[in-house]
Amino acid sequence: MLIKSLKESWSFFKIHSIALSIIILPIAAPVEIFSSIYEYFLNNDEFNFIEQIVPMAVNAITTPIYAIAVIFYMASVITGETLGTKTLWKLGAKFWLPYIIMTAMIIIAVISGFILLIVPGIILIVRFSFSEFDLLLNKSKPLDALKNSWSETKEYMWVIFGGLVLITLALYVPFYLITSIFEGASIFYWVLYTLLNIAYSVLAVLYTIFAFRIYEHTKSQHNKAIKKDV
């Protein structure tokens with residue numbers, strides 16, 4: 001199931017890459033450019049949390065809008081609806097607050113899991129991977145979405161984990177290999193770094209597509225079970 005789901009996720013991405021880019025890039029590209037310019041002028045070797053508050057805040061405000069829009073776009077493809085980009089962005093703005101609340105709850109839980117041990121943090125990431133779909137498509141409350149995701153991902157935990165690991169390796173190993181070739185202080189490095197981050201803002205949607213593919217499979221299996229019982 002893992003390989004099949006990954007292939008189907010990649011196929012969906014290829015078919016809809018232009019539409020997804022139109023949804024993501026008008027928001028993500030300016031944010032990535034701003035973040036790179038901000039980091040370039042700071043250019044500190046050591047991580048300083050205080051200095052990172054501004055780019056983190058900008059990302060926290062903007063990323064949910066296109067992340068939500070992408071989920072509604074995928075759902076609209078399945079239902080056969082036609083939703084324009086502006087409509088999808090409006091949905092992103094509409095559900096921004098509950099999405100942020102749910103995301104904050106996940107981050108707190110995952111960080112707590114990593115503080116205890118690495119494994120609990122990873123488990124939480126996997127088990128909460130359906131929560132955004134339940135929140136947006138079923139109009140669940142943030143806490144209910146987390147509970148539902150925890151229940152629904154139980155059977156497919158290792159499939160989801162395997163998919164997330166393979167997607168991470170496929171995306172970020174080339175990224176670090178490319179950026180490691182160039183001197184970090186050079187302007188060329190920062191231009192390349194910015195362009196790669198912009199590209200990866202689109203490629204990272206593969207995580208969502210893959211999780212959504214498994215989510216739709218669980219719904220399909222659940223509906224089949226209900227029909228059999230009837």
Worksheet item: Of everything in the range 78-95 that's surrounded by fewer than 17 Cβ atoms within 10 Å (Cβ to Cβ) and at pLDDT 90 or above, which residue is nearest to the chain's Cα centre (by Cα)?
Response: Ala93
Discussion item. Please return the ranges of helices (runs of 4 or more DSSP H) entirely within the range 114-169 where 3 or more residues are touching a residue at least 60 places away in the same chain (Cβ under 8 Å) and either surrounded by 13 or more Cβ atoms within 10 Å (Cβ to Cβ) or not small (Gly, Ala, Ser) (or both).
Written reply: 131-137
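Go through the range 170-183 and report how many residues are farther than 22 Å from Ile125 by Cα, modelled with pLDDT of 80 or more and surrounded by 13 or more Cβ atoms within 10 Å (Cβ to Cβ).
From the range 170-183, those farther than 22 Å from Ile125 by Cα are 174-183; that's our starting set.
Imposing the further condition that a residue be modelled with pLDDT of 80 or more reduces the set to 174-177.
The next check asks that each one be surrounded by 13 or more Cβ atoms within 10 Å (Cβ to Cβ); those that pass are 175.
Here the count works out to 1.
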Discussion item. Farther than 16 Å from Lys139 by Cα, surrounded by 12 or more Cβ atoms within 10 Å (Cβ to Cβ), in contact (Cβ under 8 Å) with a residue 40 or more places away in the chain and not polar (S, T, N, Q): is that true of Ile100 in this structure?
Written reply: no
Worksheet item: Out of curiosity, is Ala109 closer than 19 Å to Lys141 by Cβ and either polar (S, T, N, Q) or surrounded by fewer than 19 Cβ atoms within 10 Å (Cβ to Cβ) (or both)?
Response: yes
Item to complete: Examine the range 78-95 for a residue that is of a type in the set (Val, Ile, Thr) and outside any helix (DSSP H, G or I), and state whether such a residue exists.
Response: yes
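The values are calculated or read from the model by the stated rules, or taken from the named source; none is laboratory data. Computed from a predicted model, the values in this text were never measured in an experiment. Quick reminder, even Gly has a Cβ in these numbers, built from the backbone with ideal geometry, and neighbours come from all protein chains shown.
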